[in-house]
1. Residue under question is L143, and the condition is that it be closer than 26 Å to I44 by Cβ, surrounded by fewer than 18 Cβ atoms within 10 Å (Cβ to Cβ), hydrophobic (A, V, I, L, M, F, W, C) and touching a residue at least 12 places away in the same chain (Cβ under 8 Å); does it hold?
2. Helices (runs of 4 or more DSSP H) wholly in the range 14-129 with at least 1 residues that are assigned by TED's automatic domain parsing to the domain that holds Y203 and over 20 Å from the mean Cα position of the chain (by Cα) - which ones?
3. Looking for something among the hydrophobic types (A, V, I, L, M, F, W, C), outside the structural domain of V286 (by TED's automatic domain parsing) and outside any helix (DSSP H, G or I) - is there at least one such residue anywhere in the range 198-213?
4. If only one of Q236, Q243 is closer than 22 Å to V4 by Cα and either part of a helix (DSSP H, G or I) or assigned by TED's automatic domain parsing to the domain that holds S29 (or both), which one is it?
5. Go through (1) farther than 30 Å from G65 by Cα; (2) surrounded by fewer than 19 Cβ atoms within 10 Å (Cβ to Cβ); (3) more than 17 Å from the chain's Cα centre (by Cα) and name the single condition I182 misses.
6. Checking R120 against (1) surrounded by fewer than 16 Cβ atoms within 10 Å (Cβ to Cβ); (2) more than 14 Å from L234 (Cβ to Cβ); (3) touching a helix residue (DSSP H, G or I) at 6+ places or on another chain (Cβ under 8 Å); (4) at pLDDT 95 or above, which test does it fail?
7. Which of the residues that make up the range 37-68 are surrounded by fewer than 17 Cβ atoms within 10 Å (Cβ to Cβ), modelled with pLDDT of 95 or more and either in contact with a Cys (Cβ under 7 Å, 6 or more places away or on another chain) or more than 23 Å from R284 (Cα to Cα) (or both)?
8. For the range 179-197, what are the residues that are part of a loop (DSSP other than H, G, I, E, B) and farther than 27 Å from Q258 by Cβ?
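The values are calculated or read from the model by the stated rules, or taken from the named source; none is laboratory data. Values in this document were obtained by computation on a predicted structure and should not be read as measured data. Cβ placement follows ideal geometry from the backbone for every residue including glycine, while neighbour counts extend to all protein chains displayed.
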Amino acid sequence: MPSVFRFAPSPNGYLHLGHAYSALLNFDSARAVGGKFLLRIEDIDAARCSVEFESAIYEDLAWLGLSWETPARRQSEHLAGYREAVERLSAQGLVYPAFESRAEIAILVAEREAAGAWPRDPDGTPLYPGTARALTAEERQRLTDRGAPYALRLDMAAARARVGELFWIEQAEGPGGETGQIVARPETWGDVILARKETPTSYHLSVVIDDALQGVTDVVRGHDLFHATSVHRLLQQLLGLPQPSYRHHRLLLDDRGQKLSKSTDASGLRELRAAGATPADIRRLVGLP
């Protein structure tokens, strides 16, 4: 079975050097083992993604010398599959609707922080208090019939109780020096969002489904997604999906030590190309041979 690698950008801005590093790393890794390199367009955020940015992704990657199997998978064309996965989890009693707005959640968190420390997820965001779990079926139906917006959340405690210990294999040195067999701790993320009323999926859900359907064997991505792998391993276990190996690579930082942003013109591939940079220059700038 050939190894399958993928690069999965969102078309909500132009690619920068950090994207180039990740794409080239996946492409080079696939070529080194005679494997496949796939391109996936993660465009579930209809409000921020655009055809213009998607076209620019194809153009920039081709300019770098990358080629991929066509057509590229576009998440917006597979919403029914994500919806079906949510329904499977819901049938297991692991999903519930939460109707609070972001502002209302902030108030709930502030009330709890006033009484003492309140836990935060690995990204530093306060955990959802879980108040919607206490709603009765009648209350949920009444809010739904009224057209109230909602997020479908994973009942983490119930989901965690269904599976035993979870691990993943980390092929590179993680952000904290971790490598080898890593213990997954999805509970540190609380009741994560799986979908919303207007969007039948989320990053966590769609990425594990796409990787499984596309036969991805090696996930090579940035350190910023290292801890999210715990949630992905949980969803893979709950949905009966295969587990790829993982390699979380270093992040490219700007002069202030911050992760590169799509709004950082100095690191944008289009700007660098317009200034006369070559694909070989890009490889040198990101530290690849």
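1. Values: closer than 26 Å to I44 by Cβ: yes; surrounded by fewer than 18 Cβ atoms within 10 Å (Cβ to Cβ): yes; hydrophobic (A, V, I, L, M, F, W, C): yes; touching a residue at least 12 places away in the same chain (Cβ under 8 Å): yes.
Here the answer is yes, as L143 does meet what is asked.
2. Numbers: elements: 17-32, 51-63, 79-91, 102-114.
Hits in the range 14-129: 79-91, 102-114.
3. Filtering the range 198-213 for residues among the hydrophobic types (A, V, I, L, M, F, W, C) gives 205, 207-209, 212-213.
If we keep only those that are outside the structural domain of V286 (by TED's automatic domain parsing) too, we end up with 205, 207-209, 212-213.
With the extra rule that they be outside any helix (DSSP H, G or I), the set shrinks to none.
No, every residue in the range 198-213 fails to be among the hydrophobic types (A, V, I, L, M, F, W, C), outside the structural domain of V286 (by TED's automatic domain parsing) and outside any helix (DSSP H, G or I).
4. Q236
5. It is condition (2) that I182 fails.
6. (3)
7. Scanning the range 37-68 gives S50, V51, E52, S55.
8. A184, D191, K197
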